[in-house]
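Taking it in order: structure first as structure tokens, then the write-up.
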Amino acid sequence: MTYTLLYDDDHGLIRLQEILKHATADHKWMVRRLKPGEDNRPLLKSLKATGVTRVILDCPSDRVLEYLRHANEVKFFEDYMSYVLMSLDAHTLDLEELRYGLSNVTCLRIFDPSDSTTASSLADWKASKSDNVKIPGQAHEITVEAALASDAAKLITSAVESAPDEFKIEAQKIQCDTESQWELGEEFTNHLLTHPITGITDKITLDNTTGERTNFNVEIMELSNSGFNSIAKWNAKTGFLYARSPNDVSNILAEKWQNKTFRVVSRIGAPYLIERTPKEGEVLTGNDRYEGYSKDLIHEILKETLHLNYELEIVPGNGYGSYDKETKKWNGLIGHLLERKAELAICDLTITYERRSSVDFTTPFMTLGISILYSKPTPPPPELFSFLKPFSVDVWIYMAAAYLIVSLLLHILARLAPNDWENPHPCDKSPEELENIWHIKNSCWLTVGSIMTQGSDILPKGYSTRWLCGMWWFFALIMCSSYTANLAAFLTNAAMDDSIKSAEDLALQTKIKYGTVEGGSTSSFFRRSNVSTYQRMWGAMESARPSVFVKNNDEGVERVLKSKRAYAFLMESTAIEYQLERHCDLMQVGGLLDSKGYGIAMPFDSLYRTAVDNAVLKLAESGKLVELKNRWWQAPEGSGCVSEEAGEEGASAAELGVDNVGGVFVVLGIGCGMAAGMGAFEFLWHVREVAIEQKMTQAEAFWAELTFALSFWETEKPVQHSRPSSSASESNMASRASSVLRSAADLFHLDVFK
Ligand code: ASP
């Protein structure tokens, strides 16, 4: 930042030395000498050409008007110029002819003539004054020098008057050639230093050792339409006290700018600024040609809050603003502001360090971060046998193999295990033979019962077989739980999107291309980032052919939609929110990569900066900003996307259709069919046996058995005895009788029959 120091005598340069000591690389000083009474316009014109805007003018108050007039004549007293007048009497000047200029003029004063104490001291002073000397262009009658001299005299007279008697202050003969001093001089000095008085410049207290004044007040005065007004006060005790409320600031601004139309520059981009389509017969002019969030916001700030007129214009090229290192120039909105073609720039303009070093920004009116816009995976068509998906084909095969092996092993172990060889008739204490129920059919039945979580009513008794069963149950438990846990996710397709989940995932692959808006803050985030992931992403973006950069957000969204998941767009979260409301097949991937805000930009030294900033804060606090955002972000009723998590309809998204679980019905159907087939086979086999036993034709046996099977009311079936062949029938009878007796003995626990 460059400051210009203008002085017009040698003392000025000496005074300004203190300021010049503070020159740094960031604060440069340009020092020029004005010539009193001469034409200073060429010098001021050349200064204007350098683009300096901050001027410190050090000259006696009677020459201020002359120099400012010259500046005004060469248009060096315009918008964005700030003048600080060093003369402490400057506030007494009548600068009426310059009041309506748009430059900021500030000066300091150390006493307020309208203050009651000052006014009474002034009255005393006036009464004692013999002639009234008036400074040309000066409204008041007392200068700072006179006020300070008067206060100094008052301090001494008051000290003398109030001196104790022993000082005996009397006129003495002065002898210039003696070295003798006034004996009481030191005591009187001490008395003077500890004797505070109140003068024109308020209370005067002095430092006991240095004798310097310790308290004084400074007021900062600013030139407005009504003359110089106090904007802040300073003293050593209280520091700065600002005298103006945000309302005063906007009132003063409105007063100063009432005849001016603010030029507000923006760019076209939904939902910030959109060109309105005229209704039939309607001709749109001026600001009515546009609508959008930016227009509503600037209207609220300038028209509703600050009561100023404004005119919207679109920046040529529709760019946000980036710095071209070759031409050393800014383009887009920032360039437009720097060329002083507009007072304010508003759109989704991100506040960045680089931009902030060239223009000023208000407090952010919206906060956001970079995120990834990508298209949603198209759900795979529902599959009939999707219930098989929780396990891979390999796992199903291994499970089937495990089932067969365990069933076989159970069968073998049971045959080896003595405990599994049981007495078929427990009542018979010394059976002739033992029975083993773990033939392959029962072994398979036990293993299938447990993996289906149904169990079985026959259980092994041997150590090895029980251990084997335990292990199989453990296996069944884990497999069933894993299957159940995965099943829901697979049936609703939720876990099927195996693509990118974050910026890191994007950086680690090359299949999906990604890009940003060209020349925007998002691309400069990646270009400047020190994070290795983002650096890698920037490298990939730069080297991608065809280019992955787009001109604006709309083009980026279009590319994501058309690319069939081959392109992801790095975009600001606010814009993503807007797009997600309107495009149901888009989604945001991952969180925010950074955090920043949009601000209204303006050239440095804008007089209206505080007022516009205050208006933004006021709108934020009143909830107006949220209201505006809702108005422009929400999709028109009925056309928005319903998020999957929200609402009842969301819940129905998790419902499974026949398409998803149809396969289970198919399996059940096939199973039933196979059972029916087996049943028919069993029945026919039985018919064949009956036909042989009963010496009937197979057809007779078939119809007899079928008729009986279909007599549903019959619940008991008589035992069919084969037709007698004498001796066989006798032995049969004997064995049948003994078996009946044994059963009866079992029933009544009678040992007699055994
Ligand atoms: N809002 C951004 C900007 O101000 C645009 C972007 O890069 O996404 O540059």
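The values are calculated or read from the model by the stated rules, or taken from the named source; none is laboratory data. Only a predicted model underlies this, so the values are computations on that prediction, with no experimental measurement involved. Counting neighbours? That spans all protein chains shown, and the Cβs are built from the backbone with ideal geometry, glycine included.
Check whether at least one residue in segment 157-177 is touching a strand residue (DSSP E or B) at 6+ places or on another chain (Cβ under 7 Å), closer than 17 Å to F111 by Cα and of a type outside the set (A, V, I, L, M, F, W, C), and report yes or no. Don't jump to the end; show me each part of the working.
Start the filter on segment 157-177 by keeping residues that are touching a strand residue (DSSP E or B) at 6+ places or on another chain (Cβ under 7 Å), which leaves 158.
Now drop any that are not closer than 17 Å to F111 by Cα, which leaves none.
The answer is no, given that none of the residues of segment 157-177 is touching a strand residue (DSSP E or B) at 6+ places or on another chain (Cβ under 7 Å), closer than 17 Å to F111 by Cα and of a type outside the set (A, V, I, L, M, F, W, C).
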When you go through (1) touching a Cys at 6+ places or on another chain (Cβ under 9 Å); (2) over 30 Å from G669 (Cα atoms); (3) not in a loop (DSSP other than H, G, I, E, B) one by one for P460, which number turns out not to apply?
-> (3)
Here the qualifying pairs (Cβ atoms under 7 Å; residues six or more apart or on different chains; first in segment 520-538 and closer than 15 Å to I372 by Cβ and aliphatic (A, V, I, L, M); second more than 16 Å from the ligand (Cβ to nearest atom) and part of a helix (DSSP H, G or I)) come out as M537/L506; M537/A507
State which residue pairs qualify: first residue touching a residue at least 12 places away in the same chain (Cβ under 8 Å) and within 19 Å of L102 (Cβ to Cβ) and inside segment 47-73, second residue assigned to a helix (DSSP H, G or I) and among the aliphatic types (A, V, I, L, M) in any location, beta carbons under 6 Å apart, and separation of 6 or more residues or different chains.
-> V64/A90; L68/L98; H70/L44; A71/L44
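Please go through segment 640-699 and give me each residue that is of a type in the set (A, V, I, L, M, F, W, C), touching a helix residue (DSSP H, G or I) at 6+ places or on another chain (Cβ under 6 Å) and modelled with pLDDT under 90, ordered by number.
Going residue by residue through segment 640-699, those that are of a type in the set (A, V, I, L, M, F, W, C) are 641-642, 646, 651, 653-654, 656, 658, 661, 664-668, 670, 672, 674-676, 678, 680-681, 683-685, 687, 690-692, 696, 699.
Of the ones still in play, those that are also touching a helix residue (DSSP H, G or I) at 6+ places or on another chain (Cβ under 6 Å) are 642, 656, 664, 687, 690-691.
Answer for segment 640-699, where residues must be of a type in the set (A, V, I, L, M, F, W, C), touching a helix residue (DSSP H, G or I) at 6+ places or on another chain (Cβ under 6 Å) and modelled with pLDDT under 90: V642, L656, V664.
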How about segment 524-553: which of its residues are touching a strand residue (DSSP E or B) at 6+ places or on another chain (Cβ under 8 Å), closer than 27 Å to W330 by Cβ and either away from the ligand (no atom under 12 Å from the Cβ) or not in a helix (DSSP H, G or I) (or both)?
-> M537, M541, A544, S547, V548, F549, V550, K551, N552
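Within segment 511-523, can one find any residue that is out of contact with any strand residue (DSSP E or B) (no Cβ under 8 Å at 6 or more places or on another chain) and either within 16 Å of the ligand (Cβ to nearest atom) or assigned to a strand (DSSP E or B) (or both)?
Taking segment 511-523 first, the residues out of contact with any strand residue (DSSP E or B) (no Cβ under 8 Å at 6 or more places or on another chain) are 511, 519.
Subsequent filtering for residues that are either within 16 Å of the ligand (Cβ to nearest atom) or assigned to a strand (DSSP E or B) (or both) retains 519.
Yes.
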Has segment 499-506 got at least one residue that is within 16 Å of the ligand (Cβ to nearest atom), in contact with an Asp or Glu (Cβ under 6 Å, 6 or more places away or on another chain) and of a type in the set (A, V, I, L, M, F, W, C)?
-> no
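Table: residues versus (1) surrounded by 17 or more Cβ atoms within 10 Å (Cβ to Cβ); (2) closer than 20 Å to G590 by Cβ; (3) over 43 Å from the mean Cα position of the chain (by Cα).
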residue	(1), (2), (3)
L459	no, no, yes
T465	yes, no, yes
T484	no, no, no
L491	yes, no, no
K511	no, yes, no
V517	yes, yes, no
S543	no, no, no
If you go through segment 258-274 one residue at a time, do you hit one that is farther than 30 Å from E339 by Cβ, touching a helix residue (DSSP H, G or I) at 6+ places or on another chain (Cβ under 6 Å) and among the polar types (S, T, N, Q)?
-> no
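Which of the helices (runs of 4 or more DSSP H) contained wholly in segment 253-370 include at least 2 residues that are touching a residue at least 12 places away in the same chain (Cβ under 8 Å) and more than 13 Å from the ligand (Cβ to nearest atom)?
293-298, 332-338
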Under 6 Å between Cβ atoms, at least 6 apart or on separate chains: pull out the pairs that start in segment 475-488 with a residue that is closer than 21 Å to N660 by Cα and end on any residue that is not in a helix (DSSP H, G or I).
-> C480/T453; Y483/P390; N486/P390; L487/P390
Among (1) touching a residue at least 40 places away in the same chain (Cβ under 8 Å); (2) more than 16 Å from the ligand (Cβ to nearest atom); (3) assigned to a helix (DSSP H, G or I), which single condition is V560 missing?
-> (2)
Test: V218 is outside any helix (DSSP H, G or I), over 26 Å from V616 (Cβ atoms) and not acidic (D, E) | yes
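Every residue, every condition in (1) basic (K, R); (2) part of a loop (DSSP other than H, G, I, E, B), yes or no:
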residue: Q175; (1), (2): no, yes
residue: L192; (1), (2): no, no
residue: K203; (1), (2): yes, no
residue: N208; (1), (2): no, yes
residue: F228; (1), (2): no, no
residue: K237; (1), (2): yes, yes
residue: S250; (1), (2): no, no
